[in-house]
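The values are calculated or read from the model by the stated rules, or taken from the named source; none is laboratory data. From a predicted model like this one, the values you see are computed outputs, not experimental measurements. Here Cβ is always computed from backbone atoms with ideal geometry, including for glycine, and neighbour counts include all displayed protein chains. Each accessible area value is taken on the protein alone, full model and side chains, heavy atoms only, with ligands, DNA and RNA left out. Shrake-Rupley method; radii C 1.70, N 1.55, O 1.52, S 1.80 Å.
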Amino acid sequence: MGLGRLPPVLVLALVLPVGSQPQRQLPRESHNLNWNKFSGFWYILAVASDVQGFLPDRDKWKLGASVVQLHNVGQLKVVFAFSRSRGCQSHTLILRKDGKKAVFRNTLKGVEGFRVLSTDYSYGVVDVRLGRAGRTSKTLLLFSRQNTSSFLSMKKFVDICEILELTRGSTILPKDASCAHTILP
Ligand SMILES: *[C@@H]1O[C@H](CO)[C@@H](O)[C@H](O)[C@H]1NC(C)=O
């Protein structure tokens, strides 16, 4: 499934160059991220996850959303809205920065890691690790300030999906903002 909603030519353009790239390292942009610039409302345009049942049935797919706020020193408040099988659901998390590392966590709430792997502040590729020690799942989210993705942001997302081996679980969400807008600030 996954990329089924993109025109076939675009899928080829996105997928073909990836295999020929010798560099397979994760980008590490979050090391010098400006969290003030990254704060605010984001649409979630695409999801890739190895969590079984992360997305509901296809007829319930909608854009997700997130609101990111610097809370206190070294703390982020992150709200997520996703369309689930029981309808639109939102969650609020307070995440703490892990020392000098560019990762935020809340292990009590099962968030092992929240990292921004790539951003120009109009889009963001966000890596979320959920679970407890030893049983961690990977979820990659494409954040965008607008309800449509740019070619560059989608390419970054697809490239990072490949590196994290999440391509088979990747989905471009349909442009229904009814759930996303429930957390508009
Ligand atoms: C996407 O955003 C544009 C501009 O903000 C808006 O006009 C359009 O209705 C939105 N589309 C959807 C499907 O929400």
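Screening the range 151-178 for residues that are hydroxyl-bearing (Ser, Thr, Tyr) and modelled with pLDDT of 95 or more and picking the one that is farthest from the ligand (Cβ to nearest atom) gives Ser153.
The criterion of being outside any helix (DSSP H, G or I), at pLDDT 90 or above and within 30 Å of Cys88 (Cβ to Cβ) does not hold for Leu55. For the range 147-167, a residue qualifies if it is open to solvent by 30 Å² or more (accessible area, probe 1.4 Å) and under 11 Å from Val47 (Cα atoms), and exactly one does: Thr167. Comparison of Val73, Val111, Val68, Val79 shows that the only residue that is touching a Gly at 6+ places or on another chain (Cβ under 7 Å) and of a type in the set (Val, Ile, Thr) is Val68. Note on the range 105-127: residues that are within 12 Å of Ser66 (Cβ to Cβ) and either modelled with pLDDT under 95 or in contact with an Asp or Glu (Cβ under 8 Å, 6 or more places away or on another chain) (or both) amount to 2.
Condition check ((1) more than 17 Å from the chain's Cα centre (by Cα); (2) more than 16 Å from the ligand (Cβ to nearest atom); (3) not aliphatic (A, V, I, L, M)) across all residues:
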site	(1), (2), (3)
Gly64	no, no, yes
Val67	no, yes, no
Lys77	no, yes, yes
Phe80	no, yes, yes
Arg84	no, yes, yes
Gly87	yes, yes, yes
His91	no, yes, yes
Lys101	yes, yes, yes
Lys109	yes, yes, yes
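Of all residues in the range 111-146, those being within 16 Å of the ligand (Cβ to nearest atom), open to solvent by 10 Å² or more (accessible area, probe 1.4 Å) and out of contact with any helix residue (DSSP H, G or I) (no Cβ under 8 Å at 6 or more places or on another chain) number 2. Does the range 38-48 contain any residue that is more than 16 Å from the ligand (Cβ to nearest atom), part of a strand (DSSP E or B) and either under 19 Å from Thr139 (Cβ atoms) or not polar (S, T, N, Q) (or both)? Yes; the residues of the range 38-48 include at least one that is more than 16 Å from the ligand (Cβ to nearest atom), part of a strand (DSSP E or B) and either under 19 Å from Thr139 (Cβ atoms) or not polar (S, T, N, Q) (or both). Check the range 82-96 and report whether any residue there is open to solvent by less than 40 Å² (accessible area, probe 1.4 Å), free of Cβ contacts under 8 Å to residues at least 40 places away in the same chain, in contact with a Gly (Cβ under 7 Å, 6 or more places away or on another chain) and not polar (S, T, N, Q). No, every residue in the range 82-96 fails to be open to solvent by less than 40 Å² (accessible area, probe 1.4 Å), free of Cβ contacts under 8 Å to residues at least 40 places away in the same chain, in contact with a Gly (Cβ under 7 Å, 6 or more places away or on another chain) and not polar (S, T, N, Q).
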